[in-house]
């Protein structure tokens with residue numbers, strides 16, 4: 001009796017959910033506007049680029065995401081800006097649109113757009129670089145609005161990764 005070549009099959013159920021994960025493990029960033037010269041205004045601005053934001057995103061179809069930022073308060077006579085800079089070399093996937101200085105307020109403003117499926121790495125120097133600039137808002141006319149802010153006064157910048165749109 002001859003032997004038939006048989007075949008078998010397996011049915012698999014595959015799934016991958018949409019992901020929108022965000023973290024910014026940076027500690028407190030200290031920005032101080034000051035001067036040591038009598039008769040001089042305080043420094044017009046100060047910058048810091050030590051903060052990072054890490055993301056993991058999986059989108060469905062052709063949807064994209066945005067990341068927005070808002071701040072709890074900005075002291076009178078000053079502004080707070082945020083610029084997103086190039087992510088680390090561990091970045092994989094769709095590079096989004098970023099790189100414009102955005103003035104922050106209590107209303108959310110888009111800081112990154114066109115986020116697709118991507119990941120930014122998990123190391124200390126991975127993720128998109130966040131450059132904060134705190135400065136005087138038109139010091140020639142608004143310097144009278146400036147008030148001392150204790151070095152430990154905290155403001156909170158909230159970063160939000162949207163659902164796919």
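Go over the candidates 26, 50, 78, 106 one by one and state the one that is in contact with a helix residue (DSSP H, G or I) (Cβ under 9 Å, 6 or more places away or on another chain) and under 18 Å from residue 156 (Cβ atoms). Among 26, 50, 78, 106, only 78 is in contact with a helix residue (DSSP H, G or I) (Cβ under 9 Å, 6 or more places away or on another chain) and under 18 Å from residue 156 (Cβ atoms).
The set of residues in segment 26-61 being without any contact (Cβ under 8 Å) to a residue 40 or more places away in the chain and within 13 Å of the chain's Cα centre (by Cα) consists of 50 alone. Exactly one residue out of 80, 22 is at pLDDT 90 or above, within 26 Å of residue 138 (Cβ to Cβ), part of a strand (DSSP E or B) and in contact with a strand residue (DSSP E or B) (Cβ under 7 Å, 6 or more places away or on another chain), and it is 80. Residues of segment 138-161 that are surrounded by 14 or more Cβ atoms within 10 Å (Cβ to Cβ), modelled with pLDDT under 90 and under 26 Å from residue 28 (Cα atoms): 145, 146, 149. Any residue that is farther than 17 Å from residue 163 by Cβ, at pLDDT below 95, part of a strand (DSSP E or B) and touching a strand residue (DSSP E or B) at 6+ places or on another chain (Cβ under 9 Å) - is there at least one of those in segment 58-77? There is no residue in segment 58-77 that is farther than 17 Å from residue 163 by Cβ, at pLDDT below 95, part of a strand (DSSP E or B) and touching a strand residue (DSSP E or B) at 6+ places or on another chain (Cβ under 9 Å). Among the residues of segment 96-150, those identified as without any contact (Cβ under 8 Å) to a residue 40 or more places away in the chain and over 28 Å from residue 32 (Cβ atoms) are 96, 97, 123.
The values are calculated or read from the model by the stated rules, or taken from the named source; none is laboratory data. If you're wondering where the values come from, they're calculated on a predicted model, not measured in any experiment. So basically every Cβ, Gly included, is an ideal-geometry build from the backbone, and we count neighbours across all protein chains shown.
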